[in-house]
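Enquirer: Pasting a structure below so you can have a look.
The values are calculated or read from the model by the stated rules, or taken from the named source; none is laboratory data. Given the structure is predicted, the values throughout are model-derived calculations rather than measurements. Note that we place each Cβ from the backbone using ideal geometry, even for glycine, and neighbour counts take in every protein chain shown.
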Amino acid sequence: MCRLGYQCFLNCINRQHRLFCIAMTSLWPSLLTLSIRQFFNRTTLFFTGTSFGPSLSKPKLAYPSTYSGRTVFKSRVSQHLARIGWRKPLIIASFVFSQAAAKPPAQIQTFTPYVATSLLHDSNFLRFSDSVDPQLVTGKSDKSELIGQLAAGFDVDWKRSLQHVLVKANVQQNSFQNFSSLDYVGWKNLVQWNWQSQSNLSGEIGYANMQAMGSYVQLNSLVSNLYNNQRLFASGGYLFHPRGKIKLGWFRTDNRFTDASRAISNNTEDNAEINLHYISPSGSMMGVRLLATDGRYPQREFNATNNLDNAYKRYNYALTWDWRASIKTRVDGWLGYTLQNHEHLSARDFADVTARLSLNWQFSDKSLLQISAKREINQAGNEFASFMLAQGVEVNPSWRPSEKLEFLLPINYQQQDYLGETGNVTIGPREQDQVANFGFSAKYSPWDNVSINALLNYEKRDSTNQFRAYTSQSASINLQAAF
């Protein structure tokens, strides 16, 4: 009778075992084995101190000499089955939910379409000097402009395992009230794949295309400054040591102006760069960067009487850093040397020290201060200077009193010196400009998918060339709703 009861009990245990196997098929074999062993040990308290370890040999029953074996068997079995009856669902649920929480989602995908509209009023859109009569240039006495924009687009953020894909598309209709000949359709699109292979090899591959109206800070004329910018890029980084990473990259930029009178400024650049970084245990980085650029103006034909070159090579050497001083403070930037050589007109070659230093300081949970200083050189596109040296500082404090409201106070000051030789005789002093911007911005988000932005800005340029000095005041408001 005892043997029969023992066999019935083993059948009951086998059923419990099958239930656990169904609930924990996704668990590691080692965890499953350990759980079953613990479960069987709990159900064999009436055996002679034997646990189901590596050997699952049949244990012997031990009965006190003063009790009947059948009585002891029935009593202990009923007590233990009652004990584990209420625990079994809890154990199964605990294992299943812990496994589901520990396993990251294999795929995350978001698709966010949106629409937007904005109004911009600018008191001096073409950046005319006070010494210039706009009636002679545009046929209108009013220098101001009111621009209305309607836009629509979508953002896609897709993650699968180690791969991350971003897609952004935006198209706008821009209407000018005063200078209606400048009406245009613009867009801004991006496709980018942030790829990763294992944990030490990663990079980006992508394509961007943007069509927008360029600034009239240098043009100062009623000519369409609409341009199309295309950018192809690819890079790959290898973490060859826990503290060392090397990254190689290539990108091409292609700028094309839609107006035939601006085609002489069409430009194509092929760039190759190499970065070598040291990564500290705290996440800070320090490294060196070499960037080589091969540039061309495809619409320019160089000849002996031309003082504008159509090809150049530029080299940038820099020491870079990104210092995470604390969870609230970050300092990054670079210090380097830029050299540009022209293919035909060596008189236009230039070189100088360049640098940028940025500070991000979150001095409270609601306040952030961003400060940056720079010294950069760029091509001047000027008959009497080969390059422009720009030195300046930018301050951007922001305050976010609540999750729905944010204020910004951008301030920017820059000094621009036109330097270098061109082969032409310079008449008068070199041009030197001082440009200042003061702004105030407010952003309000009444709901998570709706935002309202308002911006006020004052811009002033003083110049040694009286025809280059100007002032401008602007105000804009933007409304965007996502779905």
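Enquirer: Which of the residues spanning segment 356-392 are among the basic types (Lys, Arg) and more than 24 Å from the chain's Cα centre (by Cα)?
Expert: 375 - this is the single residue of segment 356-392 that is among the basic types (Lys, Arg) and more than 24 Å from the chain's Cα centre (by Cα).
Enquirer: Within segment 265-297, work out how many residues are touching a residue at least 40 places away in the same chain (Cβ under 8 Å) and not in a strand (DSSP E or B).
Expert: So the count comes out to 4.
Enquirer: Separate question: State whether the residues of segment 266-284 include one that is small (Gly, Ala, Ser) and on the phi > 0 side of the Ramachandran plot.
Expert: yes
Enquirer: What pairs come out if I take residues in segment 298-327 that are farther than 18 Å from residue 356 by Cβ and pair them with residues that are assigned to a strand (DSSP E or B) whose C-beta lies under 6 Å away, six or more apart or interchain?
Expert: 309/342; 311/296; 312/295; 312/340; 312/342; 313/294; 313/341
Enquirer: Would you confirm whether any residue within segment 189-198 is surrounded by 15 or more Cβ atoms within 10 Å (Cβ to Cβ), assigned to a strand (DSSP E or B) and of a type in the set (Ser, Thr, Tyr)?
Expert: For segment 189-198, residues surrounded by 15 or more Cβ atoms within 10 Å (Cβ to Cβ), assigned to a strand (DSSP E or B) and of a type in the set (Ser, Thr, Tyr): absent.
Enquirer: Does residue 455 satisfy the condition of being under 26 Å from the mean Cα position of the chain (by Cα), closer than 25 Å to residue 146 by Cβ, surrounded by fewer than 15 Cβ atoms within 10 Å (Cβ to Cβ) and modelled with pLDDT of 95 or more?
Expert: no
Enquirer: Turning to a different aspect of this structure: Can you find even one residue in segment 468-483 that is without any contact (Cβ under 8 Å) to a residue 60 or more places away in the chain and either assigned by TED's automatic domain parsing to the domain that holds residue 402 or touching a Phe, Trp or Tyr at 6+ places or on another chain (Cβ under 6 Å) (or both)?
Expert: no
Enquirer: Another one. Please go through (1) outside any strand (DSSP E or B); (2) touching a strand residue (DSSP E or B) at 6+ places or on another chain (Cβ under 8 Å) for residue 113 and return the number of the only condition it doesn't satisfy.
Expert: (1)
Enquirer: How many of the residues in segment 241-290 are closer than 17 Å to residue 310 by Cα, loosely packed, with under 14 Cβ neighbours inside 10 Å and of a type in the set (D, E, K, R)?
Expert: Number satisfying all stated conditions: 0.
Enquirer: If I ask for residues that are over 23 Å from residue 240 (Cα atoms) and either of a type in the set (Ser, Thr, Tyr) or not assigned by TED's automatic domain parsing to the domain that holds residue 374 (or both), which ones from segment 272-322 would you list?
Expert: 293, 297, 305, 312, 315 - these are the residues of segment 272-322 that are over 23 Å from residue 240 (Cα atoms) and either of a type in the set (Ser, Thr, Tyr) or not assigned by TED's automatic domain parsing to the domain that holds residue 374 (or both).
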